[in-house]
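Below: one structure, written as structure tokens.
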Amino acid sequence: MGVLPAQSPELIAQEWSIYRQNHPELSEEEARHQFDIIQTMSAEHYDAYTAAWAERRALANAWLKAEIEDVFHPDTVSPEMIQAAIDAYAFKSGHPALVTASHILIKPDKTTTPEMRKAALEAVRTQLLKEGDLSDDALRRQAQRLIRAGYRTDMNADLTFPRRAMTSFLGEQLSYQTVVEPFAKASFELSEANPLSPVTESEFGYHLILFKSRTEEKKADIKRDADFIRESTVQQGRKLASRQKIDALMQSNDIRVDETRLAQMAGTNSQ
């Protein structure tokens, strides 16, 4: 048996704070009673190895509180951060103006020239307008014809995207994909009355875009949604910061696993 390191009033207060946060279902009196029991048992039943790990856990909890919880706390989420979240459209409280469109893309290759690829898509546009069939099926048939003619061709249906590239906020998964600028500009100039774009060049090749629908912008109500966004910001911030700090620790330290001790602990737990 070892000797339990003396606990300072500050450390005990810190452990109590962590215990209380982890057990909100208990009343103050019941939580204090249970905490006192744990403290008493810890002082009576331990070995030096367990005591060392208990101390490390307390230090880890203190580090997490200082580095993560205190940094991303509801009180630290400023109106500017709330506005940044809204501007990024990372939360469900709003969305930008959106267009849904389908398109044919002819990609560069080594056997055709840019002039040939552009002319081939111009011919498709002329044919579609002549037939008056501006549908995904018509686009798909034309894409297949281009493929048979030797062009590297893709056809994508019902893409929904904003006019400008969206920026993720605190690692939040974006709800809508973004497209390259020439493609987005040409798409947002279309309408039900003018649904077929001119042949449009981007870094990926030549596009012919078919307008399907437009969804107008829905602005978030900061007063109504501030609490929701603040809480989401806290949760996302803590998750992102935790991942980043753990990755940094993993990269900056030579972390090894004591396989022998791990096997001994597994055997003890299974008994």
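If Met265 satisfies all but one of (1) at pLDDT below 80; (2) part of a helix (DSSP H, G or I); (3) within 30 Å of Leu129 (Cβ to Cβ), what's the number of the condition it fails?
Unmet for Met265, out of (1) at pLDDT below 80; (2) part of a helix (DSSP H, G or I); (3) within 30 Å of Leu129 (Cβ to Cβ): (3).
Pairs needed: first member in the stretch 61-74, on the phi > 0 side of the Ramachandran plot and surrounded by fewer than 15 Cβ atoms within 10 Å (Cβ to Cβ); second member anywhere, among the aliphatic types (A, V, I, L, M) and at pLDDT 75 or above; C-beta distance under 7 Å; at least 6 residues apart or different chains.
Pairs found: none.
Name the single residue, out of those in the stretch 173-186 being within 20 Å of Ala119 (Cα to Cα) and surrounded by 18 or more Cβ atoms within 10 Å (Cβ to Cβ), that is farthest from the chain's Cα centre (by Cα).
Across the stretch 173-186, the extreme among qualifying residues is Ala186.
Regarding Ile68, is this residue assigned to a helix (DSSP H, G or I), modelled with pLDDT of 75 or more, within 19 Å of Arg238 (Cα to Cα) and β-branched (Val, Ile, Thr)?
yes
Identify, by number, the condition in (1) within 24 Å of Thr215 (Cα to Cα); (2) surrounded by 13 or more Cβ atoms within 10 Å (Cβ to Cβ) that Arg152 doesn't meet.
Condition (1) is where Arg152 drops out.
Have a look at Lys118, Lys110, Lys185 and point out the one that is among the basic types (Lys, Arg), over 28 Å from Glu216 (Cβ atoms) and not in a loop (DSSP other than H, G, I, E, B).
None of the others qualify; the one that does is Lys118.
Just to be sure I understand, how many residues within the stretch 75-115 are surrounded by 15 or more Cβ atoms within 10 Å (Cβ to Cβ) and modelled with pLDDT of 85 or more?
The total comes to 10.
For Arg141, indicate whether it is out of contact with any Pro (no Cβ under 9 Å at 6 or more places or on another chain) and assigned by TED's automatic domain parsing to the domain that holds Ser102.
Yes; evaluated as a whole, the condition is true for this residue.
The values are calculated or read from the model by the stated rules, or taken from the named source; none is laboratory data. Treat the numbers as computed from the prediction; the structure is a model and nothing was measured. Glycine gets a Cβ as well: all are built from the backbone with ideal geometry, and neighbour counts include every protein chain shown.
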